[in-house]
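One structure is given here, and the rest of the page talks about it.
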2 protein chains.
Amino acid sequence: MNQETGHAVTYQYDAEDKVLAAVDCIIFGFDEEDLKILLIKRGFEPEKGKWSLVGGFLKKEETMEDAATRILELYTGLDNIYMEQVATFSEVDRDPVERTISTAYYALINIREHSKNLIKQFSAQWFSVSNAPHLIFDHDRMVQHALQRLRNRSATEPIGFDLLPQKFTMRQLQKLYEAIWDAPFDKRNFINKINSLNIIDKLDEKDMTTSRKGSYLYQFNAEKYEKREGKFLI
Amino acid sequence: MNQETGHAVTYQYDAEDKVLAAVDCIIFGFDEEDLKILLIKRGFEPEKGKWSLVGGFLKKEETMEDAATRILELYTGLDNIYMEQVATFSEVDRDPVERTISTAYYALINIREHSKNLIKQFSAQWFSVSNAPHLIFDHDRMVQHALQRLRNRSATEPIGFDLLPQKFTMRQLQKLYEAIWDAPFDKRNFINKINSLNIIDKLDEKDMTTSRKGSYLYQFNAEKYEKREGKFLI
DNA sequence: GTCCATAGTGTCGTTTTTACACAAAAGATA
DNA sequence: TATCTTTTGTGTAAAAACGACACTATGGAC
């Protein structure tokens, strides 16, 4: 088998061609108004003081999913986070110091639940997606890619609920989708649509924090979701 | 900055954690009836004699897109192929010999145009997607993932044309979409839908190979596609 | 008791989707 | 040369989904 046949070189590999594999996480949160991402201020060179996604290197004994899970827990204190691989970025000079390829994951968390201590410890900060600072390396591209993926996925899968408290109002749900899509929805059409999906339960409780009248709380019902026929959500 | 802070370890990286980065390509073709993928029979251990995707290793001086382009040209003789990254696979033991992560790309080619010499040289063979042999490592998962991506993408982008000759009949186009979706479409509804998109031109020529009456040939019109408003195709 | 801000609700016209059947062409064949 | 056969090509009507749109209900604040 000659050198030219691709996989044939598997066991004649050149150790020179080994690379560092990194994982960078786009952590999305929702504060009842805007879609946000969690960024950290780099405390070391290069690009010290610049804003960056949270990330880390893949270790020998873990998968990328493991690494992403580890990094997410490190920076938020949370495990069991919804997470999806976005893409791998491999520009030769993307990291100026060492040849590194990075696989981006986006994650959805309930913004009220993560550890405030860790936020402080890492000089982390939430930014509105539409108003975030420029990021180092190719992280801006990663965010855009993740956002697009989030839009597509949230149209067919019930992942938006991961960004909300377990009990939420219709108003919150609508604002969430408006934030994700950066577009307004008609209130009645939205509610009719959601109700027709038959995947959330209306509770007897009301949230009294945003109006005198109060608004009913709802809850995602995973069983109903699994049994349902249609494919799309929004 | 301590070891725990993710990116902080960038320049204290452990060379032990470097990995081999591979690229594997799911090459799709369409033979007027079935959606096919190009596979090669491995000529070396491990898994010698088993069927495999075409692939190769990422080199220090190239991006993953470069590597995929190189591999595609190596096995098909074609450049300028439509190609999209699917995902990166990183199970620790996916390659039994060396820690390797692999990024899958799918590619769409006109099945009549690639090099028959290369097919012979690499013991390559076309298989219907629905009837392909089991593949080595995690290549079956890669194919499923690629197929799903192809379905999603072909619903919003005019990429199906890359699988057809430049001039094609409505019948071929319909069969292509039926093959991609593994579902039948109504002939009249399909044609009405395609015509309403206003992105292909009807030519004066007919293809006489499949019927006595002959059927008109059509051609994708990129300018019309760029100017059009709607978002979805199918 | 009035004010005020937010919650909650239904209809109708338009557009899109789906289901469905027959005539035309032209070479093959008798 | 008539007819058989196979494939192409075409339209309509009913159903479903979508989009636009405005008023009443609630209940605490004042």
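Quick look at the numbers
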item	result
Alpha-carbon Rg with Dmax, taken over the stretch B:164-227, Å	12.0, 37
Phi to ³J(HN,Hα) by Karplus 6.51 cos²θ - 1.76 cosθ + 1.60 over the stretch A:161-175, Hz, x for Gly, Pro	4, 5, 8, 10, x, 4, 9, 9, 9, 4, 4, 5, 4, 5, 4
Rg to Rh quotient for the protein assembly as shown, alpha carbon positions, Kirkwood Rh	1.00
Whole-Hz couplings from phi, Karplus 6.51/-1.76/1.60, listed for the stretch B:43-56; x for Gly and Pro	x, 7, 7, x, 6, 4, x, 8, 7, 8, 5, 7, x, x
Per-residue average of Cβ from other chains inside 10 Å of A:179-188	0
Across the identical copies, how the residue B:47 labels are spaced - nm, sorted shortest first, 7 Å along Cα→Cβ	3.4
Antiparallel DSSP beta bridges within the stretch A:6-156, as percent of all bridges there, nearest 5	70 percent
Sites residue A:91 and residue B:44 - FRET efficiency at Förster radius 35 Å, r taken between beta-carbons, to 0.05	0.65
Residues with amide H under 5 Å from that of residue A:44, placed H, sequence gap 5 or more	A:49
Simple spin-label estimate for residue B:211 and residue A:155 in nanometres, 7 Å along Cα-Cβ	3.4 nm
Residue-normalised accessible area of chain B, expressed per residue, 1.4 Å probe, Å²	49 Å²
Amide proton proximity set for residue A:103, modelled H, under 5 Å, gap of 5+	A:22, A:23, A:24, A:89
Antiparallel bridges, percent of DSSP beta bridges restricted to the protein assembly as shown (to nearest 5)	75 percent
Chains B and A, summed buried accessible surface - 1.4 Å probe, Å², nearest 100	4600 Å²
Accessible area (Å², 1.4 Å probe, nearest 10) - residue B:209	120 Å²
Convex hull of Cα atoms in chain B, direction-averaged projection (nm²)	16.7 nm²
For residue B:34, solvent-accessible area (1.4 Å; no DNA, RNA or ligand), Å²	60 Å²
Sulfur and carbon atoms: percent of accessible area, the protein assembly as shown [1.4 Å]	46 percent
Pairwise centroid distance, computed over Cα atoms, of the stretch A:114-189 with the stretch B:31-50, Å	42 Å
Other protein chain Cβ atoms within 10 Å, averaged over every residue that makes up B:39-48	3
Residue-by-residue Karplus 3J(HN,Hα) for the stretch A:101-107, coefficients 6.51, -1.76, 1.60, Hz, glycine and proline x	10, 10, 9, 8, 10, 10, 9
Qualifying chymotrypsin sites (Phe, Trp or Tyr not before Pro) for the stretch B:182-232 [loop in DSSP, other Cβ within 10 Å: at most 14]	B:232
5 angstrom amide H check on residue B:169, placed H, neighbours 5+ away	B:218
Solvent exposure ordering (accessible area, 1.4 Å, most first) of B:129, B:143	B:129, B:143
Cross-link pairs beyond the 21 Å C-alpha cut-off, checked among A:193/A:227; B:36/B:116; B:18/B:50; B:18/B:60; A:48/B:18; A:167/A:193	B:18/B:50; A:48/B:18
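The values are calculated or read from the model by the stated rules, or taken from the named source; none is laboratory data. These numbers come from a predicted model, not from an experiment. Cβ: placed from backbone, ideal geometry, glycine included. Neighbour counts: every protein chain shown. Note: areas computed on protein heavy atoms with side chains; ligands, DNA, RNA excluded. Shrake-Rupley method; radii C 1.70, N 1.55, O 1.52, S 1.80 Å.
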